[in-house]
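The values are calculated or read from the model by the stated rules, or taken from the named source; none is laboratory data. Treat the numbers as computed from the prediction; the structure is a model and nothing was measured. All Cβ positions, even for glycine, are placed from backbone atoms using ideal geometry, and neighbour counts span all protein chains on display. Please note that ligands, DNA and RNA were not included when accessible areas were found on the heavy atoms of the full protein model with its side chains. Shrake-Rupley method; radii C 1.70, N 1.55, O 1.52, S 1.80 Å.
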Amino acid sequence: MIGARTLANALRMLAVDAVEQAKSGHPGAPMGMADIAEVLWRRHLKHNPLDPQWPDRDRFVLSNGHGSMLLYALLHLTGYDLPIAELMRFRQLHSRTPGHPELGMTPGVETTTGPLGQGLGNAVGMALAERLLAQEFNRDGHTIVDHRTWVFLGDGCMMEGLSHEACSLAGTLGLSKLVAIYDDNGISIDGHVEHWFADDTPKRFEAYGWRVIRDVDGHDAAAIDAALRHACDDVGKPTLVCCKTVIGQGSPNRAGTHDVHGAALGPAEVAATREALDWPWAPFEIPEDIRAAWDARANGAAKQASWQRRFEAYAKACPTEAAEFDLRVIQRGLPEGWHKASAQALAQVSAQGASIASRKASQNAITALLPITPGLLGGSADLTASNLTDTPASVPVRRGMWGNHINWGVREFGMSAAMNGIALHGGYQPYGGTFLVFSDYARNAIRMSSLMRLPVVYVFTHDSIALGEDGPTHQPVEHVASLRLIPGNSVWRPCDAVETFVAWQAAIERRDGPSCLILSRQNLPHVSRDVQQLAAIRRGGYLVCGLPDARVTLLATGSEVALALQAREVLSARGIAARVVSMPNCREFDQQGADYRESVLPRETPVLAIEAGVTNFWRAYTGFGGDVVGIDRFGESAPAPQVCEALGLTVQAVVERAAQLARQEVVQ
């Protein structure tokens, strides 16, 4: 019988050989965690390499994503569709083994990791989704949701502030099927962490309300197995397993040093490691008996088949619930009739013509869409009453209790990373709110939403200097433009209740990336539209009013559309014809055909862009012949009208700049 150490050494040497061949990578963590990985993946992890999307599989997250070769070696050896040739192409262009694990690139990778701590935040979201789905769908005698979330993490993840945000909430909610395995090797890139990271981590997690299993020898398979079995005993708490390991275990001259963290060992040390591990085989060669001992396909298929039989019995006993589970968790779709029902709701919003803050319009939209959108899961980072993310039908998520609205606390980054995990898990479509200015706290998680193409909805309210008295610390200036720069991020800044509802429709329908809804604190007037204009909102930009012979185009977003409409009336009285264009979503507009874009922004007509934010973003739309009314400085603390006056965001300022452009157009 092949011993556990030999099976772990297969992981070590695949990592060593791949990093050596690439002349790039991180061999230390895979070598140090190989024994833990062998025990978890061969004795505890519930998965099926033949179907990486099986709904009731355990989730495994490598939060210390720089150790990606550990995960690739595990996936290859257990039987996922990841041939040895791909391991030999580690970190090469278009390989399926990128430097850090990437969702959609490699079968079996549950999330993109690398920015330390975010995988841990994702894991909290996954565990929360599992808990809520189990409470929603399981019935007496029929358990169809019953899996764990396992996450590997290291000192770097522990040092990131995100780990505090996510793990504090996990403890509060008692996410008992979350097991975090801490690679406590005392080393980071700069050396021994004792000089900059002297926390008592076990006590810290006990204070969060976690069960902590201390001082596990991370190179003793029996000790690891006992710890993981203990972790599976449900005590109503998440579990942290603290494993003492040696980074680069097996390397005679590099083990236990920071030199092995992020660099290839070099030919001489690779040879010495082979000898030290008694691994006589050539690079990337795995003997058949070792390969057979690792193969998890038959066992995984049997576990999934057992679940499938249970699900079929569940479907007979609970056909309605089974159909909804299939729709939300397996198909990840919207209910039949959703588009018709949401269109009817939009027609009502348009007919009502309410002049309200877009944050209130957003709450109205959620209220209308929640009954027809099962799985819509909301929340706010301690600003529910300001973001207005709740509805009369909202049920707060509490420890041991199902709900559809999460009080995330003051944890913008933790909220966003966990929402990514919820979206990754499936079954719920998450949305979460905070003030727009605090999107900075969440930014890297928003970036990861885009990178992974996750349908997460970010509700950002208090969108400009018009929030007034709270002053420049709370008045966003650069934030909207900054969010638009994230590739794949769909940023909506609606000008009234109708555009807000359309933004919500588009965000819920979207399946290939996140949406950011940028919403006002102050009331916004209703904008009248015909049927064609109503449909054109989805195109990102459209003509609100104006004739083809206009001498200037006023291009605006959000609250500044009303400003543009007022300026147009003043310009008209002066004999200057102006067009007004609303552009709630630049990304959508940019994806339209050239003819449509030309019809909205004719080249021969100068463009004046108007937005309560930095001006440089709009130069792509105004060109050198146009101009921008915006704000390239921080705000002031005063009532909103006074701030807008002081910073030049007024009808008069728009009129003067537009008139100047119109005069230039006549001269030309």
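Sort 113-121, 266-274, 606-614 by the packing proxy (mean of other Cβ within 10 Å over each peptide's residues), most packed first.
Answer by packing, highest mean first, reads 113-121, 606-614, 266-274.
Among ASN253, HIS230, HIS195, which residue has its Cα furthest toward the positive end of the charge dipole of the range 137-266, with +1 on Lys/Arg Cβ and -1 on Asp/Glu Cβ?
The Cα lying farthest towards the positive end belongs to HIS230.
With no solvent and one equal point scatterer per Cα, compute the Debye intensity ratio I(q)/I(0) for the range 312-412 at 0.13, 0.19, 0.24 Å⁻¹ and report its log10, rounded to two decimals.
-0.61, -1.07, -1.26
On average, how much accessible surface per residue is there in the chain, in Å², for a 1.4 Å probe, leaving out ligands, DNA and RNA?
That works out to 38 Å² for each residue.
Take every Cα-Cα pair in the range 416-545 and report what % of them are more than 27 Å apart.
Tail fraction, whole percent: 20.
Can you tell me what the convex hull of the Cα atoms of the range 487-560 projects to on average, as an area in nm²?
6.0 nm²
As a test of the formula, what do you get for the chain when each DSSP H run with n ≥ 4 contributes -39,500 (n - 2.57) and the sum is divided by the residue count, at 222 nm and rounded to the nearest 500 deg cm²/dmol?
-13000 deg cm²/dmol
Please express the Cα-Cα pair-distance distribution P(r) of the range 75-213 as a list of whole percents, one per 5 Å bin, running from 0 to the bin with the greatest distance.
Whole-percent P(r) values from 0 Å outward: 2, 9, 15, 18, 16, 16, 13, 8, 4, 1, 0.
In whole percent, and with a 1.4 Å probe on the protein chains, what portion of the accessible area of the range 358-400 is carbon and sulfur?
The value for the range 358-400 is 55 percent carbon and sulfur by accessible area.
Starting from the 7 Å offset along Cα-to-Cβ, what nm value, one decimal, do you get for the label separation of GLU194 and GLN591?
A separation of 5.4 nm, rounded to one decimal place.
May I ask you to derive the relative contact order of the range 489-632, considering only C-alpha pairs under 8 Å and at least 6 residues apart, and to give it as an integer percent?
Averaging sequence separation for qualifying contacts and normalising by length gives 24 percent for the range 489-632.
If you roll a 1.4 angstrom probe over the protein chains with everything in place, what fraction of the accessible area of the range 3-110 belongs to carbon and sulfur, to the nearest %?
51 percent
If one takes the longest principal axis of the Cα atoms in the chain, at what angle in degrees, from 0 to 90 and to the nearest 10, does the Cα axis of helix 4-22 lie?
50 degrees
Just the Cα atoms of the range 625-668: what Rg and Dmax do they give in Å?
Gyration radius and largest Cα-Cα distance of the range 625-668: 13.1, 42 Å.
If you bin every alpha carbon distance in the range 1-124 into 5 Å steps from zero, what whole percent lands in each bin?
Computed distribution, short to long bins: 2, 12, 22, 26, 23, 12, 3, 0.
Any chance you could run the full-extension gain for ASN616 through SER355? It's 0.36 nm times the residue separation minus the Cα-Cα distance, nm to one decimal.
Extra length available between ASN616 and SER355 comes to 90.9 nm.
If the viscosity is 0.692 mPa s and the temperature 37 °C, what Stokes-Einstein diffusion coefficient in µm²/s follows for the range 462-502 when Rh is the Kirkwood radius over Cα pairs?
Roughly 280 µm²/s, to the nearest whole number.
Roughly to the nearest percent, how much of the accessible area of the range 416-550 is carbon and sulfur, given a 1.4 Å probe?
Taking all protein chains in place, the range 416-550 shows 55 percent carbon and sulfur surface.
Sorting PHE634, PHE205 by accessible area (1.4 Å probe), largest first, what list results?
So, going from the largest accessible area down, we get PHE634, PHE205.
Charges only on Cβ, +1 for Lys and Arg, -1 for Asp and Glu: so what's the dipole of the chain about the Cα centre, in debye to the nearest 20?
1200 debye
With label points built 7 Å along Cα→Cβ from the Cα atoms of SER599 and SER24, find their separation and express it in nm.
Going from the SER599 label point to the SER24 one covers 4.6 nm.
Classify the range 398-468 as rounded, prolate or oblate, taking a ≥ b ≥ c as the square roots of the eigenvalues of its Cα gyration tensor: rounded when a/c is under 1.5, otherwise prolate if a/b is larger than b/c and oblate if not.
The shape class here is oblate.
On average over all directions, what projected area in square nanometres does the range 99-142 have, based on the convex hull of its Cα atoms?
For the range 99-142, averaging the hull's shadow over all directions gives 4.1 nm².
Quick check on the range 528-668: what does the Kirkwood estimate of hydrodynamic radius come out to from the alpha carbon pairs, in Å?
It is 15.2 Å.
In the calculated pair distance distribution of the range 182-323, what percentage of Cα-Cα distances lie above 17 Å?
Counting pairs separated by more than 17 Å, the tail of P(r) holds 76 percent.
Which distance in nm do the two modelled labels at ARG309 and ASP233 give, with both placed 7 Å along the Cα-to-Cβ direction?
Distance between the two pseudo-spin positions: 3.0 nm.
Counting alpha carbon pairs within less than 8 Å and at least 6 residues apart, what relative contact order, in whole percent, applies to the range 1-155?
The value is 25 percent.
Would you mind checking the tilt of helix 497-509 against the longest principal axis of the Cα atoms of the chain, expressed as 0 to 90 degrees and rounded to 10?
Long axis of 497-509 versus the principal axis of the chain: about 20 degrees.
For the range 307-431, what is the charge dipole size about the Cα centre, in debye to the nearest 20, if Lys and Arg each add +1 at the Cβ and Asp and Glu each add -1 at the Cβ?
My answer is approximately 140 debye.
Could you work out how much longer the chain between GLN642 and ARG453 gets when fully extended? Use 0.36 nm per residue separation minus the Cα distance between them, nm to one decimal.
Difference between extended and current length: 63.9 nm.
Rounding to the nearest 10 and keeping the result within 0 to 90°, find how far the Cα-based axis of helix 267-276 lies from the longest principal axis of the chain.
50 degrees
Just from the alpha-carbon atoms, what are the Rg and Dmax of the chain in angstroms?
27.8, 93
Which pairs in the list LYS237/LYS360; LYS237/LYS303; LYS177/LYS203; LYS177/LYS303; LYS177/LYS244 are over 28 Å apart, alpha-carbon to alpha-carbon?
Long pairs (Cα-Cα over 28 Å): LYS237/LYS360.
Grab the beta carbon distance between ALA573 and THR367, set R0 = 41 Å, and tell me the FRET efficiency rounded to 0.05.
0.50
For the range 462-572, with the dipole built from +1 on Lys and Arg beta-carbon atoms and -1 on Asp and Glu ones, taken about the Cα centre, which of CYS495, GLN532, SER464 lies farthest toward the positive end?
Projecting each Cα onto the dipole axis, the largest value belongs to GLN532.
Give me the extension gain from ALA263 to LEU93: residue separation times 0.36 nm, minus the current Cα-Cα distance, reported in nm with one decimal.
Value of the extension gain: 59.3 nm.
For the range 281-350, build the convex hull from the C-alpha positions and give me its volume per residue in Å³.
Normalising the Cα hull of the range 281-350 by residue number yields 132 Å³.
Tell me, what is the FRET efficiency for GLN533 and VAL410 to the nearest 0.05, using R0 = 30 angstrom and their Cβ-Cβ distance as r?
0.15
With a cut-off of 8 Å between alpha carbons and a minimum separation of six or more residues, what is the relative contact order of the chain in percent?
Answer for the chain is 12 percent.
Sequence neighbours fewer than 8 away in the same chain don't count; with that in mind, list the aspartates and glutamates whose C-alpha is under 16 Å from LYS23.
The reachable aspartates and glutamates, counting only those whose Cα sits under 16 Å from LYS23, are GLU86, ASP259, GLU269.
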